[in-house]
Ligand code: 2YC
C-alpha cells in the first residue's frame with residue numbers, strides 16, 4: 001500500500017468540481033454516480049439520505065503519523081458529495097470518543113496499515129483498498145459501455161487488484177491477471193475461479209505478449225507498469241495504483257480514456273457503502 005504524500009493530495013480539494021466534470025465526460029456519471037454504481041445502489045436514494053449523515057474524519061498519529069491535508073481532503077470530498085462531515089479537532093482515541101459523544105453516524109480514519117470507515121449505528125466497516133478496487137472497476141464498466149464479455153488485463157494482484165478483479169467478474173468481464181510475482185497472480189486466479197465459478201481467468205507471465213488488451217486496470221504501487229507500446233487511442237485504462245503507472249506520453253495517447261486519482265473515487269465509494 002503506497003503511503004500518500006501531502007504533494008499527492010494538496011490539490012484535490014479545490015479541483016473537485018473540475019474532476020467531477022471530467023468523470024462525467026469520461027464515464028457519463030459523476031463522482032457520486034460512479035460510487036453508487038460500485039455499490040449497486042440508486043443515486044437518488046443515496047442523495048435523499050446523505051445530507052443527514054454525519055461523518056467525523058479522525059486524524060491518527062500512530063506509526064509514521066499524520067499526513068498533512070489527508071483528513072481535510074477526505075472531509076472535503078465527503079462535503080462535496082453532500083455529506084455532513086468534519087475533521088475531529090482531536091486525534092486518535094480522543095477523536096473517536098468525541099465522534100461517539102457527538103452522535104456521529106460514522107467515522108473515517110487511517111493508520112499506516114488500513115484506511116477504514118465505520119458506521120457507528122450498524123457497526124459495518126468499509127475498507128479503502130476494497131472499495132477503491134471496486135469503484136475503479138465500476139468506472140471501467142461505465143467507460144466501456146458495459147464490460148460484459150470483454151477482455152480486461154488486471155495488472156497487480158494485491159488487495160486493490162483483487163477487489164477490482166472480483167467486481168469485474170461480477171460484471172461478467174473476461175480476466176487476464178498479471179503480477180510482478182507470478183505466484184501471486186496464480187493464487188488470485190485460483191481463489192477467484194473457486195469463488196466465482198469462473199473458468200475464464202488467464203494468468204500471464206511478465207514476458208507474455210500483452211499487446212492486445214483494450215481494457216487495462218492497473219493496481220500496482222509502481223510507475224510505468226503500462227509501457228507506451230501497450231497503448232493506442234482505443235485503449236481504456238482505469239488506474240487506482242499510486243503513483244500512476246502510465247507515462248506522460250501514455251496519458252496523451254489515452255487522452256480521455258484514462259481514469260486515475262489518489263483518493264476521490266475510493267473515499268466516495270467508502271462513504272456510499274457506509275450509507276447503503
Ligand atoms: O493523517 C493521518 O491520519 C494518517 N495516519 C493517514 C495515513 C494514511 C496512510 N495510507 C495512505 O497513505 C494510503 C491510503 C489513503 C490508501 C492507501 N494508502
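The values are calculated or read from the model by the stated rules, or taken from the named source; none is laboratory data. Remember, it's a predicted structure, so these values are computed and weren't measured experimentally. Note that each Cβ is placed from the backbone with ideal geometry, even for glycine, and that neighbours are counted across all protein chains shown.
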*Filter segment 119-134 for residues that are within 13 Å of the ligand (Cβ to nearest atom) and part of a helix (DSSP H, G or I) and give the result.*
128, 129, 130, 131, 132, 133
*Of all residues in segment 55-84, which are closer than 24 Å to residue 260 by Cβ, in contact with a helix residue (DSSP H, G or I) (Cβ under 8 Å, 6 or more places away or on another chain) and within 16 Å of the ligand (Cβ to nearest atom)?*
57, 67, 68, 69, 70, 72, 73, 74, 76, 77, 78
*Within segment 51-65, can one find any residue that is within 20 Å of the chain's Cα centre (by Cα) and closer than 29 Å to residue 144 by Cβ?*
no
*Could you tell me whether residue 44 is more than 16 Å from the ligand (Cβ to nearest atom) and surrounded by 13 or more Cβ atoms within 10 Å (Cβ to Cβ)?*
no
*The listed residue being at pLDDT 95 or above, surrounded by fewer than 22 Cβ atoms within 10 Å (Cβ to Cβ) and either part of a strand (DSSP E or B) or within 17 Å of the chain's Cα centre (by Cα) (or both), out of 116, 152*: 116
*If you go through segment 22-42 one residue at a time, how many are over 18 Å from the mean Cα position of the chain (by Cα) and either more than 14 Å from residue 272 (Cβ to Cβ) or part of a helix (DSSP H, G or I) (or both)?*
1
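Looking at segment 155-181 only, could you name the residues that are assigned to a strand (DSSP E or B) and touching a residue at least 60 places away in the same chain (Cβ under 8 Å)?
The answer is 155, and nothing else.
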*How many residues are touching a residue at least 24 places away in the same chain (Cβ under 8 Å) and either exposed (fewer than 15 other Cβ atoms within 10 Å of the Cβ) or assigned to a strand (DSSP E or B) (or both) when one looks only at segment 229-250?*
5
*Can you tell me which of 226, 259 is buried (at least 19 other Cβ atoms within 10 Å of the Cβ) and either under 15 Å from residue 19 (Cα atoms) or free of Cβ contacts under 8 Å to residues at least 40 places away in the same chain (or both)?*
259
*Out of curiosity, is residue 276 more than 16 Å from the ligand (Cβ to nearest atom), over 17 Å from the mean Cα position of the chain (by Cα), surrounded by fewer than 23 Cβ atoms within 10 Å (Cβ to Cβ) and within 30 Å of residue 117 (Cα to Cα)?*
yes
_Residue check for residue 52: in contact with a strand residue (DSSP E or B) (Cβ under 8 Å, 6 or more places away or on another chain), more than 9 Å from the ligand (Cβ to nearest atom), in a loop (DSSP other than H, G, I, E, B) and modelled with pLDDT of 95 or more_ = yes
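Residue by residue, here is whether (1) farther than 27 Å from residue 262 by Cα; (2) in contact with a helix residue (DSSP H, G or I) (Cβ under 9 Å, 6 or more places away or on another chain) holds:
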{"site": "169", "(1), (2)": "no, yes"}
{"site": "177", "(1), (2)": "no, yes"}
{"site": "192", "(1), (2)": "no, yes"}
{"site": "202", "(1), (2)": "yes, yes"}
{"site": "209", "(1), (2)": "yes, no"}
{"site": "217", "(1), (2)": "no, yes"}
{"site": "220", "(1), (2)": "no, yes"}
*May I ask you to verify whether residue 266 is within 16 Å of the ligand (Cβ to nearest atom) and within 30 Å of residue 74 (Cα to Cα)?*
yes
_Any residue that is closer than 28 Å to residue 187 by Cβ, more than 16 Å from the chain's Cα centre (by Cα) and either within 16 Å of the ligand (Cβ to nearest atom) or at pLDDT 95 or above (or both) - is there at least one of those in segment 91-112?_
yes
